[in-house]
Amino acid sequence: MANTAISLKMGRDWQTLSDCVAQVRAFADGHALAERTRYVLELVLEEILSNAVRHVAGDERRGVGVTVTVRDGAVSLMFEDRGRPFDPTQEAERRQGLDGDEHGGFGLHLVRNFVDGWEYSQRDGANRLTVLIGGN
């Protein structure tokens with residue numbers, strides 16, 4: 001089966017997050033994704049994008065690019081922005097337990113445990129997070 005993809009640009013606000021999630025859900029409806037793959041797709045999308053809205057600095061209102069690619073029942077998500085460098089894969093490693101005084105941060109831990117792979121890179125002023133969800 002050929003690759004099919006959708007690319008979206010999202011502002012860093014709750015309304016465009018909601019619109020982006022709805023568009024990706026509609027895109028996913030057109031593919032025979034396994035129930036687990038669909039669940040993890042929505043979990044990752046909502047967690048990463050809500051962090052982009054929640055933790056943006058006041059002067060960093062640049063948008064977030066989201067590309068979702070489906071191939072043979074597997075999904076790849078790529079998030080890209082030009083905000084401050086932040087590696088969520090390292091943050092998830094740092095917060096492995098539920099102990100501590102800090103609130104929040106466990107969504108990235110959940111993402112890490114549900115996905116089949118993820119990788120962060122920062123190049124030429126762009127942050128890129130690629131997430132892989134297998135077709136199992």
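Bear in mind these aren't lab numbers, they're just calculated from the coordinates by the rules spelled out. Computed from a predicted structure; not experimentally measured. FYI the Cβ positions are ideal-geometry reconstructions off the backbone, even for glycines, and counts take in every protein chain you see.
Do you know the relative contact order of the stretch 4-133, to the nearest whole percent, from alpha carbon pairs under 8 angstrom that are 6+ apart?
It comes to 27 percent, rounded to a whole number.
Translational diffusion coefficient, Stokes-Einstein: compute it for the stretch 1-80 using the Kirkwood radius over C-alpha pairs as Rh, at 20 °C and 1.002 mPa s, and state it as an integer in µm² s⁻¹.
Working: Rh = 13.0 Å.
So the translational diffusion coefficient is about 165 µm²/s.
Going by how many other Cβ atoms sit within 10 Å of their own, how do L17, L132 line up, fewest first?
The fewest-first ordering by Cβ neighbours comes to L132, L17.
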